[in-house]
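Single-structure report; data block below.
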Amino acid sequence: MSVARPRLAVVTPVHWKAFMGGAQYQIKCLLHFLRTLERYDIHYLARRVPADHELDGYSIHRIGDGRALPRIGYVADAPDLYRALRTIRPDVIYQRIGCAYTGIAAHFARRSGCGLVWHAANDTDVQPGLKVERNFVRQRLERTLLSHGIRHADRTITQTEQQARLLLENFGRRPDAVIANFHPLPDEMRALDEPLRIVWIANFKRAKQPEAFLRLANSLRGLEGVQFVMIGAPASGEGEAQWNDALRQQIASLPNLTHLGQLSQAEVNSQLAGAYAFVNTSVYEGFPNTFIQAWLREVPVVSLTVNPDDILDRAAVGIHARTEQGLTDAVRRLVEDRTLHDQLARNAGEHAREFHSMKNAQRLAQVIDSALAPRRVRP
């Protein structure tokens, strides 16, 4: 008697071919690893998906109408998502990016007997009230269903020990695993560009604070042989056109600043391979993929606020600036002190290869496997 492969449903708002963010890239890396194992029949469920419904050996299912976030939030997709799960009949669900989908998936899992693995994608997922938006009703619905999902998931995973503490404080449970983000080893050769390039990478969002990078470039206009580079798409959403226009005008006014726009993952990595330093100005993150991309290419990180598990200080892979003046001082110091720069660069490469390799994908796959109770495996 042959044994059918168990069915894995990946539930998240966006497929990476529709929009590439950090969480989407991590899911992409995970699925690439799982496909090599040929262990699961994989189904990808998301609101925003590419046109192809069969991609790289797994099925894609569009939830909802495929457009941007509904006015009342992802709870609007509850009937569609529930129907899709009932049709697929998964043996285990992997859900990433905390939202109403988390609660809907938990409700289905408890009623159907399948396992649910929930994976935090950002500090805001485990810190209620941190992310405040103008639509109060939508925020309340999203947080309520997210909370329900976290409390009833079979397995929970966090990216950092800090997220693990927040999960315990705010939801009364410890994660089943703390697994750092992972990336494949780079193909690019490391070769510093001239002039020295200080790179900022993010899609323009208010929480990413691109204005702080503009102020940094302006404050260091007198630094010879240095060029500041921004990579990322303009802001999307309600009321952001005026903000985009203001940013474009400021960028155009700075002779030492270049904006390359949105690039593919390969193009971003190519830019990093020749960069001198990477700057992050976000208010909050989970564990930024861009940190790992930079470290793997021996590029030190200078971060205004984000410092997951104090890694910049603890592993000496960059500088935690804390203030905008500190950010200016740190970048100037790296440019003027090549010995410090090169030591941080070496530390960064060694740390990333040791703690952020694809070995972490194997650990994540083991957690997903553990959510498959014997009675859930179909003969």
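The values are calculated or read from the model by the stated rules, or taken from the named source; none is laboratory data. Nothing here was measured: the structure is a model prediction, and the numbers come from that model. With ideal geometry, Cβ positions are generated from the backbone for all residues, glycine too; neighbour counts draw on all protein chains shown.
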- Item | Close pairs (9 angstrom Cβ cut-off, 6 or more residues apart or separate chains): basic (Lys, Arg) in segment 252-272, surrounded by 13 or more Cβ atoms within 10 Å (Cβ to Cβ) anywhere | none
- Give the residue that is modelled with the highest pLDDT, with candidates limited to residues of segment 129-161 that are acidic (Asp, Glu) and part of a helix (DSSP H, G or I). 161
- Using beta carbons and a limit of 8 Å, which pairs, at least six apart or on different chains, have the first residue in segment 40-53 and in the same structural domain as residue 75 (by TED's automatic domain parsing) and acidic (Asp, Glu) and the second one surrounded by fewer than 17 Cβ atoms within 10 Å (Cβ to Cβ) and at pLDDT 90 or above? 41/5
- Unique residue being aliphatic (A, V, I, L, M), buried (at least 16 other Cβ atoms within 10 Å of the Cβ) and within 30 Å of residue 327 (Cβ to Cβ) when the list is 121, 207: 121
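Run down 282, 303 and say which single residue is under 19 Å from the mean Cα position of the chain (by Cα), outside the structural domain of residue 158 (by TED's automatic domain parsing) and without any contact (Cβ under 8 Å) to a residue 60 or more places away in the chain.
Criteria check complete, one pass: 303.
With 246, 275, 241 as the choices, which residue is within 30 Å of residue 162 (Cβ to Cβ) and small (Gly, Ala, Ser)?
275
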- Pick out the one residue from 68, 121, 164, 76 that is within 21 Å of residue 42 (Cα to Cα) and either within 20 Å of the chain's Cα centre (by Cα) or not in a loop (DSSP other than H, G, I, E, B) (or both). 121
